[in-house]
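First up is the structure itself, then whatever we jot down about it.
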Amino acid sequence: MNPGKVIKILNDHEIPVDERRFLLVSTLSIIGVFIVFVIDLILGENPGETWILGITCIVVPPIINLSFKYHKTRLGAWILGLGIVCVVMPVTFFSGGGLYGGAVIWLSFVYMYIALVMKGKARWVLAGILTAEVITEYYFVVNHLHEPSPHSIRMAYIDSLLSIIVVGVVIMLVVTFQNMVLKKENEFSLKQAKEIEELNRSQNRFFSSMSHEIRTPINTIIGLNEMILREDIPEEVAEDALNIQAASRMLLTTINDILDMSKIESGRMEIIPVVYRTGDMLSEIVGMIWLKAKEKGLEFHIDVDQTLPSQLYGDEVRIKQILINVLNNAIKYTDQGSVTLSIQWRKAEGKKAVIIYSVTDTGKGIRKESMPYLFSAFKRVDEQNNRNIEGTGLGLSIVKQFTDLMGGTVNVNSVYMQGSTFVIELPQEIADDAGVGDLRIEARHSISARKHYKQSFEAPDAHILVVDDNDTNLLVVTKLLRDTKVVTDTASSGNEALNKCLQLKYDAIFMDHLMPDMDGIECLKQIRLQVGGLNKETPVVALTANAGSDMQAVYNKAGFDGYLLKPVTGELLEAELLRLLPRELVRLTSDIELEELNMSKKHMKKASILITTDSVCDLPPELAKHYGVSILPYSVYTDEGSFLDGVETETDGILSYIEDKSRKAYSVAPTPGQYENFFSEQLGKAQNIVHITMTRTLSEGYKNALEASASFNNVHVIDSEHLSGGLGLLVIFACRRIREDITLDILLSQIDEAKKRIHTSFMVDTTEYLYRVGRISSKINAISKAFMIHPVLTMKKGRMVATAGHIGTLKSAREKYINACLDVLTPINKRMVFIEYCGMSYEEVEEVRQRVSEKVKFEKTFCHQASPTIASNCGPGTFGIIYMLEK
């Protein structure tokens with residue numbers, strides 16, 4: 001490889017830096033070796049050193065060339081490194097004067113070579129070999145086990161001088177190269193960043209321009225199409241017109257979504273908080289959504305916490321967009337049943353609050369495997385079943401992006417074919433502490449939008465001006481307002497509008513934004529400052545195709561009194577005029593049907609966090625009821641069939657059944673489907689579910705619950721690493737923590753810490769039942785019975801371990817177990833203790849309780865039967881002591 005080609009390769013940034021570094025370092029190294037070889041020949045250095053250097057100069061270049069040519073530089077580096085470390089360096093060290101030669105300097109260079117050209121484990125392995133070699137060489141020399149070839153003082157000086165110069169120059173060139181590469185890569189990165197930034201700007205300009213240019217003709221299509229629908233036309237023509245209307249609106253939704261997504265990706269989307277009335281915002285949303293649900297035959301419910309602050313400080317526009325997107329999605333994917341919007345809140349620090357919006361539907365639901373892609377842009381889940389449903393897949397992605405921008409969260413809980421719940425939590429500031437109370441929202445809809453159109457008002461004495469550089473847009477607005485009898489003047493430029501404002505006082509002005517010569521914002525300024533102008537106080541509304549969810553703030557800041565986005569409908573134009581015109585000029589005429597949506601007076605506020613568990617928790621009934629713990633039962637299988645643990649069978653019944661040695665009983669955890677249904681039901685009570693299961697080593701419960709939780713964003717499954725009362729004690733701990741109003745993250749970390757402090761152990765009367773269910777072998781069972789061993793089973797890091805075996809009578813064994821169990825070094829938390837038992841008489845239980853009380857004075861002692869699941873595994877005579885240690 002000639003020098004010119006090498007330099008060209010080193011400057012080519014398309015070639016990976018690692019490959020270029022390998023080529024440079026290896027080439028410079030072999031050049032340095034060649035220089036030393038030539039000087040050794042001239043000076044008559046030891047033949048051994050000269051020969052090894054000569055062979056190196058012959059063998060290494062082809063290896064470098066082939067490694068680079070076939071992109072095997074890692075292999076080449078390994079071969080060269082191994083050869084240098086294991087062959088070249090030992091030979092040159094002992095044949096080149098040892099400590100008094102140049103090899104010592106080259107050893108330091110080899111370390112650098114390894115660091116520059118080797119990667120991963122190979123680097124450390126080779127560095128270790130080199131270190132061992134250096135230590136060995138020094139050991140041999142110092143202890144005179146092998147003397148290196150002697151050097152004269154003159155030769156030692158020359159060898160050292162030559163090595164320092166060659167190695168120094170090589171290192172200098174390598175560092176220079178590294179700096180050059182870093183500088184060029186930095187310049188290249190900056191250039192790419194500028195190109196990407198310019199590309200983003202171009203893309204945004206394109207999308208904005210595209211949106212504006214498409215909206216102008218669509219405004220004509222929708223406006224004139226609406227005029228057709230108002231006429232007395234045949235049903236077939238009306239159906240075609242309605243299809244045109246639906247297709248145009250779908251196209252508009254797509255344009256809006258793409259424009260918003262473009263702004264979000266470019267980082268130009270801003271959050272603009274304002275003080276807004278929650279009741280008014282909800283009325284607007286219901287007004288848009290209710291009719292869509294009605295048209296599809298769905299019920300629409302709204303449930304609002306009456307204590308919700310009546311005024312909040314947040315980005316009302318984005319919040320409405322989020323809710324409308326999610327509600328539209330719910331209606332789109334629900335064929336029958338209902339859609340429910342629920343709003344709750346919780347107080348945060350100071351004047352802050354977290355508003356919780358829940359949208360629940362009875363629709364198709366979402367497959368588990370589709371959940372990770374739910375908020376991906378342009379991704380539609382379950383395409384096969386949803387192929388007939390329109391949409392780009394941008395709506396939920398925009399919801400996620402807006403929620404993140406506002407510092408909130410969005411979670412989804414869904415069971416496939418049973419419906420979904422979207423939970424959006426948004427932090428906002430409280431502007432007015434007064435609650436909204438019992439809201440009553442009126443949903444307005446025309447009795448028949450096509451056949452029975454009637455203008456909502458008439459105002460023949462009103463006079464308005466419409467300003468737009470597009471004649472078709474002027475025609476559309478004029479026609480849409482024709483039936484209101486409002487006198488409409490038009491102007492096709494800013495200058496023409498200013499001239500008309502000098503001649504006549506208007507009641508309202510509709511102004512386009514993007515016009516040649518003078519745009520709408522400049523025209524508004526001129527109207528407000530116009531000398532002799534008659535419309536300085538006239539309300540001016542921006543009627544523009546300049547879209548984007550942030551444009552309303554732009555027009556508000558510019559001083560406009562309203563904002564309408566093209567394409568505009570007659571209904572929107574009439575509503576805006578009705579808002580602006582003096583009441584004395586207006587006569588209401590429209591036949592409007594009102595439907596009142598009542599807020600639930602019995603609003604049930606969802607808990608922030610709910611603790612749930614399985615029936616194997618062996619919680620005393622009074623504690624489960626006190627803390628409101630929802631429990632999912634295991635199934636107990638016998639020869640007679642299966643029974644729900646604690647529901648269809650009790651402990652005494654199971655113990656009686658398994659007294660016959662020919663009969664077996666065993667427990668089985670709920671299936672993933674049962675867990676899904678359980679979680680779905682519990683999420684009606686709380687925003688988040690924390691489900692605590694029995695240790696995964698003894699049950700499939702954790703695995704099945706975890707699998708089911710994949711359908712829900714708000715379900716968190718925890719392995720308690722305990723069973724029976726140990727699991728129950730952890731559940732009670734969690735229930736107490738959530739009453740302190742802590743966050744979910746803190747709760748999960750505290751549960752993880754607490755489960756390590758729980759002591760769970762049982763003493764088994766006989767191993768016969770453990771043998772029957774396959775927990776122990778027949779040999780262990782036989783030995784235990786022969787020696788009257790009563791084993792003690794203790795939970796250790798999630799596993800049931802036999803920690804002791806008490807020999808003798810049952811009474812003495814129980815005494816020994818209680819003493820050993822409560823004699824611990826770490827202080828015991830004396831708040832409560834569980835004593836669980838199976839098949840013991842009242843007297844036996846009382847004796848155990850009394851003995852425990854003598855050892856430790858617990859504040860509360862709960863004695864209760866273990867669940868049928870535990871009984872079927874351990875048999876009668878078993879009892880356990882469960883408590884928590886102090887931190």
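The values are calculated or read from the model by the stated rules, or taken from the named source; none is laboratory data. Computed from a prediction, not measured in an experiment: that's the story for all the values here. All Cβ positions, even for glycine, are placed from backbone atoms using ideal geometry, and neighbour counts span all protein chains on display. Quick note on the areas: whole protein, heavy atoms, side chains included, nothing else; ligands and nucleic acids left out. Shrake-Rupley method; radii C 1.70, N 1.55, O 1.52, S 1.80 Å.
Starting from residues that are in a helix (DSSP H, G or I) and among the charged types (D, E, K, R), keep the ones in the stretch 472-486 and report whichever is nearest to Gly223 (Cα to Cα). By that ranking, first place goes to Lys479. Can Asp469 be described as assigned to a loop (DSSP other than H, G, I, E, B), closer than 15 Å to Leu581 by Cα and touching an Asp or Glu at 6+ places or on another chain (Cβ under 9 Å)? No, not satisfied. Residues in the stretch 661-687 that are touching a helix residue (DSSP H, G or I) at 6+ places or on another chain (Cβ under 8 Å), assigned to a strand (DSSP E or B) and open to solvent by less than 20 Å² (accessible area, probe 1.4 Å): Ala665 alone.
Count of the stretch 401-437 residues, restricted to those that are over 22 Å from Ile331 (Cβ atoms) and β-branched (Val, Ile, Thr), is 3.
For the stretch 816-831, the count of residues that are within 27 Å of Ala665 (Cα to Cα), in contact with a helix residue (DSSP H, G or I) (Cβ under 8 Å, 6 or more places away or on another chain) and of a type outside the set (Ser, Thr, Tyr) is zero. Of the helices (runs of 4 or more DSSP H) that lie entirely inside the stretch 89-152, those containing 1 or more residues that are modelled with pLDDT of 85 or more, more than 15 Å from Ile52 (Cβ to Cβ) and within 60 Å of the chain's Cα centre (by Cα) span 103-117, 120-142. Scoring Ile233 on the criteria (1) surrounded by fewer than 18 Cβ atoms within 10 Å (Cβ to Cβ); (2) in contact with a strand residue (DSSP E or B) (Cβ under 8 Å, 6 or more places away or on another chain); (3) not in a helix (DSSP H, G or I) leaves a single failure, condition (2). The residues listed here are Glu284, Glu369, Glu349; of these, the one that is in a helix (DSSP H, G or I), free of Cβ contacts under 8 Å to residues at least 12 places away in the same chain, of a type outside the set (Phe, Trp, Tyr) and on the phi < 0 side of the Ramachandran plot is Glu369. The number of residues in the stretch 706-728 being touching a Phe, Trp or Tyr at 6+ places or on another chain (Cβ under 6 Å) and either in contact (Cβ under 8 Å) with a residue 60 or more places away in the chain or hydroxyl-bearing (Ser, Thr, Tyr) (or both) comes to 4.
Conditions (1) more than 35 Å from the chain's Cα centre (by Cα); (2) at pLDDT below 85, marked per residue:
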site	(1), (2)
Asp432	no, no
Gly435	no, no
Leu439	no, yes
Ala443	yes, yes
Arg450	yes, yes
Tyr453	yes, yes
Glu458	yes, no
Asp468	yes, no
Asn473	yes, no
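Taken over the stretch 834-855, residues that are surrounded by fewer than 17 Cβ atoms within 10 Å (Cβ to Cβ) and outside any helix (DSSP H, G or I) amount to 1.
Out of the residues in the stretch 702-743 meeting the condition of being of a type in the set (A, V, I, L, M, F, W, C) and in a loop (DSSP other than H, G, I, E, B), tell me which one is nearest to Thr760 (Cα to Cα). First the steps, then the outcome.
Taking the stretch 702-743 and keeping what is of a type in the set (A, V, I, L, M, F, W, C), we get 705-706, 708, 710, 712, 715, 717-718, 723, 727, 729-735, 738, 742.
Those still in the list that are in a loop (DSSP other than H, G, I, E, B) too: 710, 723, 742.
Numbers: Ala710: 30, Leu723: 8, Ile742: 27 Å.
Only one residue tops the list, namely Leu723.
Checked against the criterion of being open to solvent by less than 30 Å² (accessible area, probe 1.4 Å) and either assigned to a strand (DSSP E or B) or of a type in the set (Lys, Arg) (or both), the candidates Phe560, Phe510 yield just one match: Phe510. Scanning the stretch 795-833 for residues that are touching a Ser or Thr at 6+ places or on another chain (Cβ under 6 Å), assigned to a strand (DSSP E or B) and over 21 Å from Phe858 (Cα atoms) returns Met795, Arg799, Val801, Thr803.
Any idea how many residues of the stretch 416-430 are open to solvent by 60 Å² or more (accessible area, probe 1.4 Å) and at negative phi? Let's see the steps before the verdict.
Residues of the stretch 416-430 that are open to solvent by 60 Å² or more (accessible area, probe 1.4 Å), as a first pass: 416-418, 427, 429.
Still in the list and also at negative phi: 416, 418, 427, 429.
Count: 4.
Out of the residues in the stretch 672-705 that are more than 23 Å from the chain's Cα centre (by Cα) and among the polar types (S, T, N, Q), which is nearest to Gln344 (Cα to Cα)? The extreme case among them is Asn677.
Residues in the stretch 529-554 that are outside any loop (DSSP other than H, G, I, E, B), open to solvent by less than 70 Å² (accessible area, probe 1.4 Å) and within 16 Å of Gly494 (Cβ to Cβ): 5 in all. For the stretch 120-154, filtering for residues that are exposed (fewer than 14 other Cβ atoms within 10 Å of the Cβ) and farther than 18 Å from Val91 by Cα leaves 8. Summed over the stretch 737-774, the residues that are open to solvent by 50 Å² or more (accessible area, probe 1.4 Å) and at pLDDT below 85 give a count of 3.
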